[in-house]
There are 4 protein chains.
Amino acid sequence: MVTAAVAGASGYAGGEIVRLLLAHPAIEVGALTAASNAGSRLGEVHPHLTPLADRVLVETSAQTLAGHDVVFLALPHGASAALAAQLPDEVVVIDCGADFRLGDAQAWAQFYGSEHAGTWPYGLPELADRDGARHREALAGARRVAVPGCYPTACSLALAPGYVAGLLEPEDVVIVAASGTSGAGKGLKAHLLGAEVMGSMSPYGVGGVHRHTPEVEQNLSRAAGAAVTVSFTPTLAPMPRGILATATAKAAPGATAASVREAWHTAYADEPFVHLLPEGQWPRTADVLGSNCVHVQVALDERAGRVVAVAAVDNLTKGTAGAAVQCANLALGLPETTGLPLTGVAP
Amino acid sequence: MVTAAVAGASGYAGGEIVRLLLAHPAIEVGALTAASNAGSRLGEVHPHLTPLADRVLVETSAQTLAGHDVVFLALPHGASAALAAQLPDEVVVIDCGADFRLGDAQAWAQFYGSEHAGTWPYGLPELADRDGARHREALAGARRVAVPGCYPTACSLALAPGYVAGLLEPEDVVIVAASGTSGAGKGLKAHLLGAEVMGSMSPYGVGGVHRHTPEVEQNLSRAAGAAVTVSFTPTLAPMPRGILATATAKAAPGATAASVREAWHTAYADEPFVHLLPEGQWPRTADVLGSNCVHVQVALDERAGRVVAVAAVDNLTKGTAGAAVQCANLALGLPETTGLPLTGVAP
Amino acid sequence: MVTAAVAGASGYAGGEIVRLLLAHPAIEVGALTAASNAGSRLGEVHPHLTPLADRVLVETSAQTLAGHDVVFLALPHGASAALAAQLPDEVVVIDCGADFRLGDAQAWAQFYGSEHAGTWPYGLPELADRDGARHREALAGARRVAVPGCYPTACSLALAPGYVAGLLEPEDVVIVAASGTSGAGKGLKAHLLGAEVMGSMSPYGVGGVHRHTPEVEQNLSRAAGAAVTVSFTPTLAPMPRGILATATAKAAPGATAASVREAWHTAYADEPFVHLLPEGQWPRTADVLGSNCVHVQVALDERAGRVVAVAAVDNLTKGTAGAAVQCANLALGLPETTGLPLTGVAP
Amino acid sequence: MVTAAVAGASGYAGGEIVRLLLAHPAIEVGALTAASNAGSRLGEVHPHLTPLADRVLVETSAQTLAGHDVVFLALPHGASAALAAQLPDEVVVIDCGADFRLGDAQAWAQFYGSEHAGTWPYGLPELADRDGARHREALAGARRVAVPGCYPTACSLALAPGYVAGLLEPEDVVIVAASGTSGAGKGLKAHLLGAEVMGSMSPYGVGGVHRHTPEVEQNLSRAAGAAVTVSFTPTLAPMPRGILATATAKAAPGATAASVREAWHTAYADEPFVHLLPEGQWPRTADVLGSNCVHVQVALDERAGRVVAVAAVDNLTKGTAGAAVQCANLALGLPETTGLPLTGVAP
């Protein structure tokens, strides 16, 4: 049994990590830390975590995080680097923030407006590079892992198989994604009030300014072996959880419905968490609620000359906390699927 | 006072027409007809139409529709042509179905799989052709009008200004739109049950097969003066009403943020129902709930070389019934906005 | 044409008053005032009020409210008294807050913890006293009106007919009501975030502590001509608007299904805004969305010896702003229904 | 490892049983049967059960159910008796239907309108009789178990502690409960369409006619040692899952806030699935989503002379399928909590 601490356990991502760890047979929940919520009972901030309702949140610091085999960081962007630097090298540190996701310091500066903290192995095990190598190779035994953003997980897994198979053009990818409002976090903002979001869809970060844009481009570029450019528009959907990414790219000459299907099938046939649906069945976010699975479907639109790939993930599970635990499993040498839910909670 | 009959008053579109007519100062509600619901009280099928709760639905037929100045048809696709042929030429017939929307008989055959019934003036008054002429010119005094599909209304109004202004490339438009589930009608289908749709987003009709695709292309092609091709993906969103269309097209050489904004401003400055939001504010479907307004916003994504335009409409109001009443106003020579709500019901 | 100012126009109640006034044929929208939002465009805080998007909110003060025939106060509890005192006696002041609703200073002190400001005519025109007199009698020509709370409107209209008819016992009324989250206002509270409320029902103010309790008791006591005691439990429902009040009282000896139905029918047959549904049809909040109507149904449970009455209202329309406009109509000598919507926006 | 068949696996209850069994360490999923869906892939009807997507549903019959250690019946009311009679006595049969829940044949006839099939041990392990004995005693080693209805689970657990402790009066209990729409099943009914239920609350089965009424009375009467009468009103809430039961009973003479709290604390301190929240914190259905836990809170309303107890359960998990698995655990001699989730999926 290894022990894990969760920094930022009062937020939505942190709470989801705790939820998953409570069902994990090989990792024990250690310190749960918070900032302004330090001193609160876990049951006050996350009443759904019934078995740990009486656990008290402690202050986030290198001291409270010390002595664990794994430390999950679920902190605001920019907070991870300083904290991680104080943790011993042999501790597995899994960062759910953005700080170490990008390899390109210039893209970081442009989109985040601060100094680039560095680059850690990217925690999307199923993602393949142009040569077919999966990212999981770099994660086995890793001591630092950058968990992908929720949108990039959905968008990258949707389209990458077409790039690896050479069936998609790199330029002019267009992605529109819908996210449940937990993706916006627990901060108090008027536009996130229930009365505002129920019954409403709205876009945000339009025009290439959303911070997940360079991360999607980075992932797809590695899959394509060429620079991929993406028009990315996120939208807020009236649901608590879930991302539906509708991703389209121009079909390369010679791409056929059969070759497209074959490419996606090949990519995911052996992946336990990525499920290519049977032809004609399209993903629904409800089917992956609380699950670490991704549901994927793809079609060739011959009239428009585009391949349309759709992926559904739970932004908090496979989109954040599930990926974090999956990467911890790889880092610790455990079977990759250990303790992770494969079924959604539906209807 | 003119009188209007509504054929198909038991469906969602028909019910919305009745709702709007009840607030209309110049049109009186006449016969309300239905198929399997004939004989029912209106209050059984549309309890929200309180003032007409005791009105009894009668059988849809040329006889029951006779004697009205205006007949609104809110029928399943394919049912309008036969009925309309039996109505006198001088009666204003407003068809909310698809039968008479397309000018291209071949596109009709391909997407609808039946013989083309013909083409009526297209009921999107605000839409402009390449030469700047608005569709409303053909609607003044018309005796037959084809009300646009709900998606085409949102998609066409989102992008048309850029085509009229020469700022967008015709090929390779990509549109992803989210619709509330009333857009799928009142038919009993398992995937439309509340337990299935709440908390879930899912696409359908993916790959260029949705029947609204050729209608969007027809509209944008007229605006562009060139053949526009569209990749269109509709998605089902967990809300009763509303469409959010996220539409992107390649920016033409020389397009700038300023010229883009100017084009959209010029297009809609004098339109009472189309509201270009101030820069930085993006449409939300809740803000047009029950309203005949369209909220529009646009941005140039210079990195991706695309213009992203977003439109929010209520699929049942401006997307169907409101457009029908607006067109009836034009046909009857009434002020175009007569009786139509300009405010949404929010939050 | 009379003019009206709205104090607190940036909140949900204030915004709804503006929405209704925009459709009112005899009242013109004057000054719109706010506290922290003064200086903002109305389109920023209420994008659904499209026609007034560019109107700027001004500071709430006796000066900005001066010069109007009607002043609607939509302010936090406790703020109305001081402001109203500065307005001329001949101005119609309609207070949507609680300050002047209760006749019992002791009940006020117990539930609100402050000094009682006084008692104004109570703005529930349809409510009847034991002698059958309706509250509207005191509202005709009134210059000060206290608009009822949203829950009391639903609860009182549900049960009052049984008291007036002598069919209900005064002691031991039990009411459980569900409200959409706009009822909690626009304040930023973690439990009102969309991610928290969607998919969730929860009670609050349990155990007789909710401030609407004495108001319901006051209303029912007047209808009963005896002291009515109420166990009231409000719950938060995952919807933006609407109240469903399920109210039960012990049947008096001799009450029968027929006499119960007759009593409710008699009470509301001539009321334009209160609609007793046909037997067997029960109210749904969606059917009164955005409408000033109340849908009511009642049944006698002979096994349990209780009458169960259910009322659905839109908390922002008939529950607050619609009642305010209705009372303004009465105060101004206009027909009571002027400008008020009788249909809901459904589905 | 024991094997289990699920009859009626295509419905919501059946699907939830499969979901729970997939996470159960000691029970293996055997035959999954259906009626009209026999021959379908499980992935078509329950796409969220990803690991078994390719499993084919077989016809429900004694033959297909043969050879399993446990058979779960998730069938329409009335279908269980005939089927159960064909299963060997030594097989554990867990019936999620109503057929064997009631002990009173007359109440069965009155509420279900058919002949009473009999009475099996009642599967609510935590429920206590007047003498403090828990129902689980009759479930250990049982070969036939009647799983409670979803509402009776919430209602009975809410109030029973007060009866066992002698703090509540038996007559005149009033319960209003809100349920997610999955509680109404997967049958195609117009009022269950997403467009109808989203944004809406409505009651049904009002006036003492809901079939769960005698079941609640039966449970509370055993706890009280006296005949308890209940006014029960169920309401449909705009959420997929979850029940919130607000239950009130008259306080017996001498009941105090302290004695009430003590009684509920005593009742549930050692129950793994029933969680009495800290004072002042009230249950939310979202917190038990997908969990086998019940969240309970209670307050004494001294003004009204009533105790108000609120329970939140997931109607499909603890309300049906979780209880079924919990009872199977008891029947099989496994630890009662084996394989059952203690955390909800929130937000």
note = Over its alpha-carbon atoms, region C:61-110 yields an Rg and a Dmax in Å of 11.7, 37
Mean-position separation - Cα centroids, region C:117-140 and region B:318-338, in angstrom = 41
request  = Using the heavy atoms of the protein chains and a 1.4 angstrom probe, tell me the accessible area per residue for region C:151-313 in square angstrom.
outcome  = 25
task = Shielding by partners for C:30-39, please: the mean number of other protein chain Cβ atoms within 10 Å of each residue's Cβ.
result = 0
message = Need the per-residue list for region B:178-197: every residue with at least 50 Å² less accessible surface in the complex of protein chains than in the chain by itself, probe 1.4 Å, sorted by number.
response = B:188, B:193, B:195, B:196
remark   = Most packed first (mean Cβ within 10 Å per residue), the peptides A:186-193, D:228-235, A:53-60, C:98-105 order as D:228-235, C:98-105, A:53-60, A:186-193
remark   = One decimal, nm, nearest first: from residue D:131 to the same residue in each other copy, label points 7 Å out along Cα→Cβ, the values are 6.2, 7.6, 9.6
ask   = Using only helices, what value at 222 nm comes out for chain D when you add -39,500 (n - 2.57) per DSSP H run of length 4 or more and divide by the total residues, to the nearest 500 deg cm²/dmol?
value = -7000 deg cm²/dmol
ask   = Which residue fluctuates the most in chain C, going by a Gaussian network model with Cα springs under 10 Å, if the choices are C:238, C:51, C:283?
value = C:51
key: Projected-area average for region B:260-343 over all orientations - Cα convex hull basis, square nanometres   = 6.0
ask   = In whole Å and largest first, what semi-axes does the C-alpha gyration tensor of the protein assembly as shown yield when each eigenvalue is scaled by 5 and square-rooted?
value = 44, 43, 31
note = Classified through the alpha carbon gyration tensor (a ≥ b ≥ c as square roots of its eigenvalues; rounded if a/c is under 1.5, else prolate when a/b is larger than b/c, else oblate), region C:102-172 comes out oblate
task = Work out Dmax and Rg for chain A from the C-alpha atoms and quote the Rg first, both in angstrom.
result = 19.3, 61
All-pairs alpha carbon distance profile, region B:132-174, 10 Å steps from 0, percent = 21, 45, 29, 5
message = Run the label-point distances for residue C:187 please: 7 Å along Cα to Cβ, every other copy, nanometres, shortest first.
response = 2.3, 4.5, 4.9
key: Over 20 Å (Cα to Cα) - which of A:250/B:250; C:250/D:250; A:186/C:186; B:186/D:186; A:318/D:318; C:189/C:318 fall in this group   = A:318/D:318; C:189/C:318
query = Ignoring ligands, DNA and RNA, what percent of the 1.4 Å accessible area of the protein assembly as shown is carbon and sulfur?
reply = 53
task = Determine, at each q value in 0.13, 0.15, 0.26 (inverse angstroms), the log₁₀ of I(q)/I(0) that the Debye formula gives when each Cα of region A:193-241 is one equal point scatterer.
result = -0.43, -0.52, -0.90
query = Simple spin-label model, 7 Å along Cα-to-Cβ: residue D:133 to residue A:171 in nm?
reply = 8.2
query = Cα centroids of region C:182-258 and region D:254-292: how far apart, whole angstrom?
reply = 22
message = Just checking the output field for C:161-172: average partner chain Cβ neighbours within 10 Å of each residue's Cβ?
response = 1
inquiry  = Show me you know the interface measure: the accessible area buried between A and C, both chains summed, probe 1.4 Å, in Å² to the nearest 100.
reply    = 1400
query = Can you give the percent of C-alpha pairs in region C:151-313 whose distance is more than 29 Å?
reply = 17
inquiry  = Can I get the semi-axes of region C:1-128's equivalent ellipsoid? Compute them from the C-alpha gyration tensor as square roots of 5 times the eigenvalues, in angstrom, largest first.
reply    = 26, 16, 14
ask   = What are the distances, in nm and sorted shortest first, from the label point of residue C:281 to the label points of the same position in each other copy, with each label point placed 7 Å from Cα along the Cα-to-Cβ direction?
value = 3.9, 4.1, 4.5
Burial ranking of peptide ranges B:288-301, C:334-347, A:2-15 (average Cβ count within 10 Å, highest at the top) = B:288-301, A:2-15, C:334-347
key: Peptide B:50-58, shielding by other chains (average Cβ, 10 Å cutoff)   = 3
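The values are calculated or read from the model by the stated rules, or taken from the named source; none is laboratory data. Because the structure is a prediction, the values reported are computed rather than measured. Reconstructed Cβ throughout: ideal geometry from the backbone, glycine too, with neighbour counts over all protein chains shown. Areas reflect the complete protein model, heavy atoms only, side chains present, ligands, DNA and RNA absent. Shrake-Rupley method; radii C 1.70, N 1.55, O 1.52, S 1.80 Å.
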